[in-house]
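Asks: Take this structure first; my questions come after.
Any read-out appearing in this document is the output of simple, stated calculations on the displayed coordinates, not a laboratory observation. The model shown is predicted, which means the values in this text are computed figures rather than measured ones. Glycine gets a Cβ as well: all are built from the backbone with ideal geometry, and neighbour counts include every protein chain shown.
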């Protein structure tokens with residue numbers, strides 16, 4: 001298996017791998033660079049490729065409110081080698097600059113083990129829109145033995161796209177993509193995202209979703225789906241397709257694209273699509289090899305496969321899918337490895353297999369409480385989706401333990417399919433919360449359509465992951481989708497406003513000098529500080545993504561999440577305990593919540609969770625506390641208290657907070673990186689916290705800093721190292 005990496009050495013049979021460094025934009029019109037890599041053992045022919053790319057605030061602006069433009073790019077090793085790049089903007093920052101875009105370019109031929117670096121640049125070039133007249137793409141989709149019937153659909157993709165020019169995802173000089181949708185039977189529908197390229201090549205993403213909700217008909221289906229478009233034909237036998245699940249198959253006239261796009265990881269951090277993870281320390285090959293072996297297993301990557309995602313989501317314990325980013329997504333980010341990306345994309349596909357995809361066929365929206373104000377996705381709901389199955393293929397989705405599967409796959413693919421999954425997950429997160437709790441505003445008065453609270457009657461970790469997933473949908477939804485681009489930001493604003501103005505005041509009044517943690521739904525007399533850390537990770541990212549009320553929530557939480565680590569009256573290492581005793585165990589009405597740390601200490605000892613051995617915390621609780629300390633520094637580079645808290649952890653040999661652990665699992669290893677550079681007009685300039693040519697390295701005091709490396713080749717399983 002071929003990798004292109006920096007090799008730092010071999011430790012105890014493990015090889016330490018780094019992703020490549022990418023040249024930072026420095027010239028006046030440079031925007032961002034990325035690497036195109038051939039990760040295969042065969043040469044790659046030139047072809048059009050489409051992928052996603054984020055941008056930070058003010059980095060890229062279009063004139064005349066354009067959504068699609070042509071930019072230029074050049075090979076950084078040979079600047080006279082130019083490329084044309086189609087940029088279809090999909091989401092925008094508050095200042096009108098591009099937040100997320102889908103890029104299309106004609107990728108050059110690459111030899112085995114070859115990589116080239118391409119710099120995207122601003123340009124004033126004009127582009128001639130692509131004509132569809134010469135691209136007669138026909139696709140046939142046949143269903144047999146579906147509820148005793150057979151149905152066949154034949155689509156002239158070019159004609160259908162031309163007939164519906166308002167439904168174009170891509171629309172420029174290099175590529176056009178349109179969407180075709182057909183109802184099949186009961187709750188099943190077929191969606192085809194058809195991309196036609198300038199050279200007459202094409203791709204079709206065939207999406208089969210049994211996800212229509214709030215209808216009188218539905219239930220599971222069994223069938224064989226055959227996709228045919230010369231020269232491709234493939235049949236998929238689906239034993240049981242449960243309702244609210246789906247799958248897809250991407251078919252291209254020139255086969256699968258095997259170009260690996262490797263990103264500027266600091267740029268991804270500054271674009272606020274990943275936590276500021278310390279990628280500079282590398283990742284061990286054993287972590288990636290384990291994922292590679294999983295992909296070889298029978299059934300991995302097939303329709304409706306779980307692809308290794310935990311199906312029984314209420315299950316606790318050591319789970320790699322829990323965190324602001326799941327483990328595979330963090331592994332890809334650190335490594336930029338092709339196989340790690342395929343594994344991450346497989347987890348994105350698994351989001352469609354989880355029965356949390358509820359689609360309203362009559363409106364083209366995902367399930368929401370604006371259309372159904374009292375909706376609750378639960379057997380006790382009134383109203384509720386008519387078809388709620390106890391047997392959902394072994395899946396048991398639950399918002400206190402659900403992973404964020406589709407968001408980063410959308411960011412890097414630019415695929416409309418994955419954005420749909422982002423919206424579906426966020427919609428489920430809102431409506432799976434008890435409707436009475438969603439409307440419980442205590443003393444705050446909102447109009448009915450704003451009643452989408454996620455905090456009352458929810459575990460704190462459930463609140464963290466709900467806000468994370470709704471935050472993703474609010475951050476990424478395209479403005480042309482007028483409903484979802486309004487619905488999700490409204491829900492986010494209401495929740496942050498509520499947390500900032502109400503819960504912090506009412507809860508804080510009960511907590512005295514220890515204020516700063518949320519009670520959540522949990523056993524009386526027990527509070528898990530690590531769930532505060534989950535919430536800090538979400539609220540920190542929401543702040544960094546530009547949500548105004550997030551900072552007030554973070555500031556309130558800081559009193560406990562940071563300052564308790566230095567407070568007198570208790571064992572400060574209990575900040576990393578599995579539970580602390582914040583009240584007596586019989587105080588189910590919150591009449592005797594501790595107002596001092598001495599009180600918490602007494603109760604913590606009584607319930608048996610006083611920390612006495614930093615190497616026996618029993619979980620990732622030290623990692624999570626350290627992550628919070630790092631994120632507070634990421635939010636405010638001058639937070640001396642958070643820095644001292646992090647240094648206290650680093651100097652005391654806390655369990656799982658060592659560099660070797662982070663090199664096996666980087667999910668919680670946050671660091672402090674420069675803020676995005678300031679951009680004025682077409683010129684990128686340095687700010688106090690960053691600049692266009694800043695180093696990849698985090699703040700040297702953030703722990704485990706390793707100089708960035710440039711790439712060499714390693715062929716695993718052989719002795720050849722180049």
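Asks: Output needed for segment 289-401: three equivalent-ellipsoid semi-axes, defined as square roots of 5 times the C-alpha gyration tensor eigenvalues, in descending order, whole Å.
Replies: Details: eigenvalues 186, 46, 41 Å².
They are 31, 15, 14 Å, listed from largest to smallest.
Asks: Take the alpha-carbon positions of segment 477-629, form their convex hull, and give its projected area averaged over all directions (one quarter of the hull surface) in nm². Kindly include the intermediate steps, with their values, before the conclusion.
Replies: Numbers: hull surface 38.8 nm².
That works out to 9.7 nm², a quarter of the Cα hull's surface.
Asks: Let me ask something additional. Most exposed first by the Cβ proxy, i.e. fewest other Cβ within 10 Å, how do 195, 81, 68, 298 rank? Present the calculation step by step, with values, prior to reporting the outcome.
Replies: Working: 195 25, 81 13, 68 22, 298 6.
Least crowded to most crowded, the residues run 298, 81, 68, 195.
Asks: Still on this model: So how compact is segment 450-497: Cα radius of gyration and Dmax in angstrom?
Replies: Using the Cα atoms of segment 450-497, the pair Rg, Dmax is 10.9, 34 Å.
Asks: So what's segment 477-558 giving for Cα Rg divided by 2.2 N^0.38 Å, two decimals? Before the final figure, lay out each step's value.
Replies: Values: Rg = 14.6 Å, N = 82, 2.2 N^0.38 = 11.7 Å.
Segment 477-558 yields a ratio of 1.24.
Asks: While we're on this one: Which value, in nm² and rounded to one decimal, describes the direction-averaged projected area of the C-alpha convex hull of segment 263-316? Could the numbers behind the result be given before it?
Replies: On the way: hull surface 24.6 nm².
That works out to 6.1 nm², a quarter of the Cα hull's surface.
Asks: Could you tell me, in Å, what Rg and Dmax come out for the Cα atoms of segment 10-95?
Replies: Cα only, segment 10-95: 17.0, 58 Å (Rg, Dmax).
Asks: Using a Förster distance of 56 angstrom, determine the FRET efficiency expected from the C-beta separation of residue 27 and residue 653, and round it to 0.05. Before the final figure, lay out the partial values.
Replies: On the way: r = 46 Å, r/R0 = 0.83.
My answer for the efficiency is 0.75.
Asks: Report the label-to-label distance for residue 524 and residue 147 in nanometres (one decimal), using points 7 Å from each Cα along the Cα→Cβ vector.
Replies: Taking the simple label geometry, residue 524 and residue 147 are separated by 4.9 nm.
Asks: Please report the equivalent ellipsoid semi-axes of segment 410-567, computed as sqrt(5 x eigenvalue) of the Cα gyration tensor, largest first, in whole Å.
Replies: Values: eigenvalues 151, 60, 39 Å².
Value: 28, 17, 14 Å, ordered largest first.
Asks: Using 0.36 nm per residue, how much length does the chain from residue 316 to residue 298 gain when fully extended, once their Cα-Cα distance is taken away? Don't skip to the end; give the middle numbers.
Replies: On the way: separation 18, 0.36 × 18 = 6.48 nm, distance 2.63 nm.
Result for the pair: 3.9 nm of gain on full extension.
Asks: For the pair residue 286/residue 230, report the inter-label distance in nm, with labels modelled 7 Å from Cα in the Cβ direction.
Replies: Using points 7 Å along Cα→Cβ, the separation is 5.4 nm.
Asks: Between segment 71-103 and segment 611-643, what is the separation of their alpha carbon centroids in Å?
Replies: Centre-to-centre (Cα) distance: 37 Å.
Asks: If you rank 233, 604, 661 by fewest surrounding Cβ atoms within 10 Å, what's the result? List each step's numbers first, then the result.
Replies: Working: 233 12, 604 24, 661 16.
Ranking 233, 604, 661 by Cβ neighbours within 10 Å, fewest first, gives 233, 661, 604.
Asks: So between residue 164 and residue 75, what do we pick up on full extension, going 0.36 nm a residue minus the alpha carbon distance? Intermediate values should be presented prior to the final figure.
Replies: Values: separation 89, 0.36 × 89 = 32.04 nm, distance 3.68 nm.
So the extension gain works out to 28.4 nm.
Asks: So for the pair residue 592, residue 380, with labels modelled 7 Å out along Cα→Cβ, what separation do we get in nm?
Replies: According to this spin-label approximation, the distance is 2.9 nm.
Asks: Over the chain, one equal point on each Cα, no solvent: what is log10 I(q)/I(0) by the Debye formula at q = 0.05, 0.11 Å⁻¹?
Replies: Scattering profile of the chain, log10 relative to I(0): -0.24, -1.24.
Asks: A further question follows. Just need the relative contact order of the chain here, percent rounded to a whole number, with Cα pairs under 8 Å and 6+ apart. Each step should come with its number before you reach the end.
Replies: On the way: 1576 pairs, mean separation 102.8, N = 722.
In percent, rounded to a whole number, it is 14.
Asks: When the helix-only estimate is applied to the chain (DSSP H runs of n ≥ 4, each -39,500 (n - 2.57), divided by the residue count), what is the mean residue ellipticity at 222 nm, nearest 500 deg cm²/dmol?
Replies: Helix-only estimate at 222 nm: -8000 deg cm²/dmol.
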